[in-house]
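As structure tokens, the structure follows; a few thoughts come after it.
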Amino acid sequence: MQEKVIQITGSITVDELANALGLSVTTLIGQLFKEGIVATINQRLDFDTASIIIEELGIEGVKLEKKNSSTQISHERRELSDHAVLRPPVVAVMGHVDHGKTTLLDTLLHKKTVEGEAGGITQHISAYQLKYDDRLITFLDTPGHEAFAAIRQHGAMLTDIVVIVVAADDGVKPQTVEAIKFAQSANAKIIVAINKIDREGADVQRTMADLSQHGLQPEEWGGDITMVPISAKQNQNLDKLLDMILLTADLEELKADVDIPSEGLVIESHMETGKGSVVNLLVTGGELKTGEFIVAGNTYAKIRTMVDFRGKPKGKASPSTPVTVTGFKDLPNFGDKFIEVADEKTARKMALLNANASQDATASANVTSSDLLRMMNVADNSKVFNVLIKGDVLGSVTSVVDSLKMIDTKGEVTLNIVATGVGDITENDVYMATGENTVIYGFNVTVPINISKMAARDNVVIRCYKVIYELLDDAKKEMSNLLDAEIVETPVGKMKVKGVFRTERTSIIAGGEVTDGKVEPGVLAKVVRGKDVLGEVKVESVQKEKMSVPELVSGEIGGLALSTEHKIQLEIGDKLEFFTREERRRSL
Ligand code: GDP
């Protein structure tokens, strides 16, 4: 394998160097610390420091090279060499639930993948490629927008184009807006597929108007967003959509280097009996081959088998190709960057470095959160939301965790993820959730009947979801329930006291004129003398001309029976300011 060259123009940030080496930022910062350099993620390191660190880390097969040009190494995309080659676009399909994402991906898969070959694909696939007009397009099926956010956090740009699916009979909905925001923040090109045009009630013009309200101006109206009316179900106009995807790709001139060590991202991973870890990768640079050593996060692999999305063996995979590999020692995480290294020794060393760093990070994170709890004096843990998460694949677990972390509790509720795992809910999960008031969230998993019985017996709540937004809505509600209620006082009226008929320790009978609003039994009142508030009383009953009445309104004169907690000597001329007080549940 050829040596990996990292070019440095003057200096390189910690983040960029970690990315280029395939190490986590914490590992690199840890190593710098050992060398006596306290660095942050954005700190710039000069050529010599970077060289020393690489040497100290014992990473082989990497060479630093000084570069004189003024161009910076891009944060998100590798700088390409002159002989970079064109690569297929990577397309993600997003949009509101039920607007037709799955149908679109399925129709394309079955109609277009190298005619007939798609037949037989029954299991869920996280990515596939189709050939159209003799060119390849890579489609990603994503567990959720949050998963993309997770990938973005790893500093990699995965999607070139986001196809936003909007149903023409339903218009822009909350998740459509989220998809738009996601695509914009990921700097991906947007193409809108206005779907379900075969439906009665479909209104393409109205949908376009709706979209333009949200900042997407259709090309037809002088804007810059391509919008293609389609029917995913009836295979109408899908060729046009594919044409537009290729046209957009052409304008973007999407390229990658193939003569570099291979690299890419983990897009799915799970365990399979007999095969061990089965990991879906998307190659973003170089050519991935069986037999190569790659490192991803805390683990590494000597690639044992590699197949394409149809399950056909593949000897090598070029940029933008999704493949499924076996050979990983442990499951890498969704969104982990993978990188080819020279040999097993380097692979093991880098994985270990990353593992130690993440363990350190977890350990220190634990200390901080418990310290924090102590400092906040949360004696009964009432503001801690404990949750255990299970998902069908690692990608969905990561997605759920990341999205839960994104719920803004304004620091009032602490999210405590007790454990996470892949697979159905087990006895051990219920056991772990007992006593700690922990809710178990399952995503695309099932609960065996004996487990749900056990949970019911132990008062453990298990909730299962297939749609991430429903899970998030519920989590928000659960966290809102932990918030202190807000106390809201609403003024209802005022009275000027004109006579005090009896004063006892806990009750007063007085009369007066309502000068503002009204007074009715049950409301509270502040007793005001001049500028002072003497205390608070409660109106027990209201009388007018010796008869009980439901209320007295402004301008009326009448009597009140008031109750107090402490004796108040009411006087003529005092004012009663009536108000109601209620506790309102707050929501996040
Ligand atoms: P997703 O939640 O966005 O993945 O939506 P689905 O692909 O599951 O589609 C939701 C429903 O809309 C299903 O019942 C589909 O059959 C239906 N559907 C999707 N596309 C079309 C279309 O173009 N025309 C019609 N009439 N129905 C569609």
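The values are calculated or read from the model by the stated rules, or taken from the named source; none is laboratory data. Note that this is a predicted model, so its numbers are computed, not measured. Heads up, the Cβs are rebuilt from the backbone with ideal geometry, glycines too, and the neighbour counts pull from every protein chain shown. The protein model used for the area step is the full one, side chains on, heavy atoms only, and it has no ligands, DNA or RNA in it. Shrake-Rupley method; radii C 1.70, N 1.55, O 1.52, S 1.80 Å.
Taking the criterion of being open to solvent by less than 10 Å² (accessible area, probe 1.4 Å), closer than 17 Å to residue 85 by Cβ and under 26 Å from the mean Cα position of the chain (by Cα), the only residue of segment 283-312 that qualifies is 283.
Within the bounds of segment 482-493, is there any residue that is open to solvent by 30 Å² or more (accessible area, probe 1.4 Å) and more than 49 Å from the chain's Cα centre (by Cα)? No, segment 482-493 has no match at all.
Which ranges mark the strands (runs of 3 or more DSSP E) fully within segment 504-588 that have 1 or more residues being in contact (Cβ under 8 Å) with a residue 60 or more places away in the chain and surrounded by 14 or more Cβ atoms within 10 Å (Cβ to Cβ)? By residue number, 507-519, 557-564, 575-584.
Residues of segment 166-223 that are among the small types (Gly, Ala, Ser) and touching a residue at least 40 places away in the same chain (Cβ under 8 Å): 167, 168, 179, 183, 188, 193.
Residues in segment 117-168 that are of a type in the set (D, E, K, R), over 22 Å from residue 231 (Cβ atoms) and modelled with pLDDT under 85: 117, 146, 152. Only one of 57, 109 is modelled with pLDDT under 90, open to solvent by less than 20 Å² (accessible area, probe 1.4 Å), within 16 Å of the ligand (Cβ to nearest atom) and farther than 24 Å from residue 174 by Cα; which? Only one candidate passes the filter, namely 109.
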